[in-house]
Amino acid sequence: MTHTPRLPLLAGLPMAVGAGLAIPVQGRINGALGARLNDGIAASVVSFSTGLVLMVLISLVLPKGRAGLARIVPAVRSRAFPPVYVLAGGIGALFVFAQSFTVGLLGVALFTVATVTGQTLSGLLVDRLGIGPAGKKPVTGIRIIGCVLTIAAVAWAVSPRFAAGSGSGTASDGGPAALLLPLLLPVAAGFLMSFQQAMNGTATVHYGTPIAATLVNFVAGTVVLWTAWGIKVALAGPGSPLPGEWWYYVGGPMGCVFIGLGALLVRSLGVLVTGLGMIAGQLLGSLGLDLLVPAPGTIVAPATVLGTILTLAAIVLATLPWPRGAFRR
């Protein structure tokens, strides 16, 4: 096992926010590719496959990548960590499935709140259990307050889209009962994301670099998605041919940034704080896209801006170095 240096909070948290900025850009690109192909699963396959190709190249070209590559099989064989951790990339594939199958039913706003709720709650649990490389972190009252405020702030930030989508034909037209089953998938996907980050962080410690952990993630996720796409093609046939524009293919490399930084940061920040930082980056990135490159039907209301600011405040509240024992449960 090799030891990567721990980052101080003031350095790590901005990196988590920066990693979160890539999520809405990746989502916009993959969404456009899915519409172009008329096949959301095919778009996910393209995204994961391009990310996998990039990670293979990085692993072969960079000395640190080659060193990490050489440690993967010995670490798994020696059971330096539970072998199931190599399947963490399947959680990323589940998240993509959730996007593909429920955004059209729930709308982007409700999907976002569902995934953030699941991720925030599981971040507390994973830190409490000490699954990640940062070890056990206590569940304090202030961390709970920060989590609740984060969920409320995200709901406020996306609330204008609820109003805009009220007549869009989503599952909300069928009442609460129609929403229940579609909601479970994004909540579960968000809940498992914290476990994915903890698993990747632990693997990074033993591989000595997040490059190897990111590569293994893309291998697992790509296998899952190619299998799903093969079943879809057998049942419904292929979608449209691949487009020629280069920018459709940069979603995968952005996923490399998100997964790699997450694997690096959880050892220093813990799973909860890393996840909260990425949520903040996600909202900031979405706001920036809506202002600079608005999609059709985009709404930037005061609630969007204020909810984003409140999210940042909630994260600061949850990460401040409060006196030992303060608000401890």
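The values are calculated or read from the model by the stated rules, or taken from the named source; none is laboratory data. This is a predicted model, so every value here is computed, not measured. Note that we place each Cβ from the backbone using ideal geometry, even for glycine, and neighbour counts take in every protein chain shown. Side chains are part of the model used for accessible areas, which takes the heavy atoms of the whole protein and leaves out ligands, DNA and RNA. Shrake-Rupley method; radii C 1.70, N 1.55, O 1.52, S 1.80 Å.
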Check GLY255 against each of (1) surrounded by fewer than 18 Cβ atoms within 10 Å (Cβ to Cβ); (2) under 20 Å from the mean Cα position of the chain (by Cα); (3) at pLDDT below 90 and name the one condition it does not meet.
-> (1)
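Within 13 Å of the chain's Cα centre (by Cα), of a type in the set (Gly, Ala, Ser) and open to solvent by less than 40 Å² (accessible area, probe 1.4 Å) - does that describe any residue in segment 279-293?
Pass one, segment 279-293, residues within 13 Å of the chain's Cα centre (by Cα): 279-283.
With of a type in the set (Gly, Ala, Ser) added as a condition, the list becomes 280-281.
If we keep only those that are open to solvent by less than 40 Å² (accessible area, probe 1.4 Å) as well, we get 280-281.
Among the residues of segment 279-293, at least one is within 13 Å of the chain's Cα centre (by Cα), of a type in the set (Gly, Ala, Ser) and open to solvent by less than 40 Å² (accessible area, probe 1.4 Å), which makes the answer yes.
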Quick check: anything in segment 100-112 modelled with pLDDT of 85 or more and crowded, with 24+ Cβ neighbours inside 10 Å?
-> no
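Quick grid of which residues meet (1) part of a helix (DSSP H, G or I); (2) at pLDDT below 90; (3) surrounded by 14 or more Cβ atoms within 10 Å (Cβ to Cβ):
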| site | (1), (2), (3) |
| --- | --- |
| PRO160 | yes, yes, yes |
| ALA177 | yes, yes, no |
| PHE195 | yes, no, yes |
| HIS206 | yes, no, yes |
| ALA212 | yes, no, yes |
| VAL223 | yes, no, yes |
| GLY230 | yes, no, no |
| PRO238 | no, yes, no |
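Look at GLY275 and say whether it is open to solvent by less than 30 Å² (accessible area, probe 1.4 Å) and within 14 Å of GLY27 (Cβ to Cβ). Reasoning before the result, please.
On the way: open to solvent by less than 30 Å² (accessible area, probe 1.4 Å): yes; within 14 Å of GLY27 (Cβ to Cβ): no.
Judged against the criteria, GLY275 is not a match.
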Working carefully through the options ALA22, ALA80, ALA67, ALA35, find the one that is open to solvent by 10 Å² or more (accessible area, probe 1.4 Å), among the small types (Gly, Ala, Ser) and touching a His at 6+ places or on another chain (Cβ under 8 Å).
-> ALA80
Restricting segment 119-131 to residues that are out of contact with any Leu (no Cβ under 8 Å at 6 or more places or on another chain) and either aliphatic (A, V, I, L, M) or buried (at least 24 other Cβ atoms within 10 Å of the Cβ) (or both), the residue that is farthest from ARG143 (Cα to Cα) = ILE131
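Any chance you could count how many residues in segment 300-329 are part of a loop (DSSP other than H, G, I, E, B) and either modelled with pLDDT of 80 or more or within 20 Å of LEU121 (Cα to Cα) (or both)?
Of the residues in segment 300-329, 3 are part of a loop (DSSP other than H, G, I, E, B) and either modelled with pLDDT of 80 or more or within 20 Å of LEU121 (Cα to Cα) (or both).
Considering only segment 53-64, state which residues are under 24 Å from the mean Cα position of the chain (by Cα) and open to solvent by 40 Å² or more (accessible area, probe 1.4 Å). Don't jump to the end; show me each part of the working.
From segment 53-64, those under 24 Å from the mean Cα position of the chain (by Cα) are 53-59; that's our starting set.
Selection gives VAL53, LEU54, VAL56, LEU57, ILE58.
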Quick one: ARG28 ticks every box in (1) open to solvent by less than 40 Å² (accessible area, probe 1.4 Å); (2) within 17 Å of the chain's Cα centre (by Cα) bar one, so which box is it?
-> (1)
